[in-house]
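For reference, the structure I am asking about is given below.
Every number here is computed from the coordinates shown, using simple stated rules; none is lab data. Keep in mind the model is a prediction, meaning the values are calculated, not measured. A quick note on method: Cβ atoms are made from the backbone with ideal geometry, for glycine too, and the neighbour counts reach across all protein chains shown.
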């Protein structure tokens, strides 16, 4: 059983559901370290100031750069004094339809496991949310940071997904994109829709793997065993064409040929 990173309770009105928070994501990437090629030993870093003098890590402080280029020092006690208190509850503030939440707000997913003796209220909340087809929006504090989160049923259990606050999302207006001067022909739109329909399938997550990381692991295995690693050939890409309809038709023909 993976270790819980937080323990507390889901607060749902006057109902409390004791739970444990467990990460739902695991990093399968190989870990690399920077080493000295001669001794094959790991390197160490030194903290050097602008004058080239070494500064002990224990002497370092946090600084915030002003527009003028000057720094103000912020003491740990000052940050601790205004840090949000660790909460023992994930407070559900409201329920919404899943479709109302744009995926851009989603961040990292976690599983919520019921504590001993809490399976009944856990099951009640899970069944009620499944039947109502709603997602709970909640706040809680972990590691001195307040989080907004979405609670939703997933594969027979409750899933909690960290969400980004609205001010963390860059407004699209800042990018200055305007498509008003561009028009799409009916034939181009029709061909694009046909290709989309031809490429539409049921989503199967296991069909998608990180091919680069798989090749990295194969490379490491070969080097560890003293074998030669053969780099796979990259598929040749066809030269792009400015004729959108022709490009879409060729893509559709290639799909049908599979």
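Under 8 Å for C-alpha pairs, at least 6 residues apart: give me the relative contact order for the stretch 186-257, rounded to a whole percent. Mind showing how you got there, number by number?
Working: 22 pairs, mean separation 40.8, N = 72.
Relative contact order, the stretch 186-257: 57 percent.
If you take all C-alpha pairs in the chain, what percent of them are over 28 Å apart?
Numbers: 21741 of 33153 pairs.
Result: 66 percent of Cα pairs exceed 28 Å.
How would 23, 87 line up from fewest to most surrounding beta-carbon atoms within 10 angstrom?
Details: 23 14, 87 17.
By the 10 Å Cβ count, ascending: 23, 87.
Sorting 255, 1, 113 on the 10 Å Cβ count, fewest up front, what's the list? Don't skip to the end; give the middle numbers.
On the way: 255 13, 1 6, 113 19.
Lowest count first: 1, 255, 113.
Highest mean first, how do 223-233, 161-171 rank when packing is the count of other Cβ atoms within 10 Å averaged over residues? Intermediate results must be reported in sequence, preceding the final value.
Details: 223-233: 8.3, 161-171: 12.0.
Per-residue mean Cβ counts within 10 Å order the peptides as 161-171, 223-233.
Could you state the number of Å between the C-alpha centres of the stretch 88-144 and the stretch 197-236?
Between the Cα centres of the stretch 197-236 and the stretch 88-144 lies a distance of 35 Å.
Could you give log10 I(q)/I(0) at q = 0.15, 0.16 Å⁻¹ for the stretch 186-257, computed by the Debye formula over C-alpha point scatterers of equal weight, without solvent?
-0.76, -0.80
Give me 189, 137, 60, 125 sorted ascending by neighbouring Cβ count inside 10 Å, so fewest comes first.
Working: 189 13, 137 18, 60 10, 125 22.
Ordered by Cβ neighbours within 10 Å, fewest first: 60, 189, 137, 125.
In the stretch 35-65, which residues have a backbone nitrogen under 19 Å from the label point lying 7 Å from residue 83's Cα in the Cα-to-Cβ direction?
Correct set: 58-64.
Separation between the residue 209 and residue 115 pseudo-spin-labels, each 7 Å from Cα along Cα→Cβ, expressed in nm?
It is 4.1 nm.
Could you order peptides 202-211, 239-248, 74-83 by the average number of other Cβ atoms within 10 Å of their residues, highest first? Walk me through the numbers before you get to the answer.
Details: 202-211: 7.5, 239-248: 11.7, 74-83: 9.7.
In descending order of packing, they fall as 239-248, 74-83, 202-211.
Considering only DSSP beta bridges whose two residues both sit in the chain, what percent are antiparallel, to the nearest 5? Please list the in-between numbers first.
Values: 42 of 45 bridges.
Looking only at bridges with both residues in the chain, the antiparallel portion is about 95 percent.
Given labels modelled 7 Å from the Cα in the Cβ direction, how far is it in nm from residue 24 to residue 62?
3.0 nm
Related question: Which FRET efficiency value, to the nearest 0.05, is calculated for residue 98 and residue 241 with the Förster distance at 41 angstrom and r the Cβ-Cβ distance? Intermediate results must be reported in sequence, preceding the final value.
On the way: r = 40 Å, r/R0 = 0.97.
Computed FRET efficiency for residue 98 and residue 241: 0.55.
Students often check this: by mean Cβ neighbours within 10 Å, which of 32-42, 146-156 ranks highest, and how do the rest follow?
Numbers: 32-42: 7.9, 146-156: 16.9.
The densest-packed peptide leads the list: 146-156, 32-42.
Rounded if a/c is under 1.5, else prolate if a/b beats b/c, else oblate: with a ≥ b ≥ c from the C-alpha gyration tensor eigenvalues square-rooted, which is the stretch 88-165? Before the final figure, lay out each step's value.
Numbers: a/c = 1.88, a/b = 1.17, b/c = 1.60.
Verdict is oblate for the stretch 88-165.
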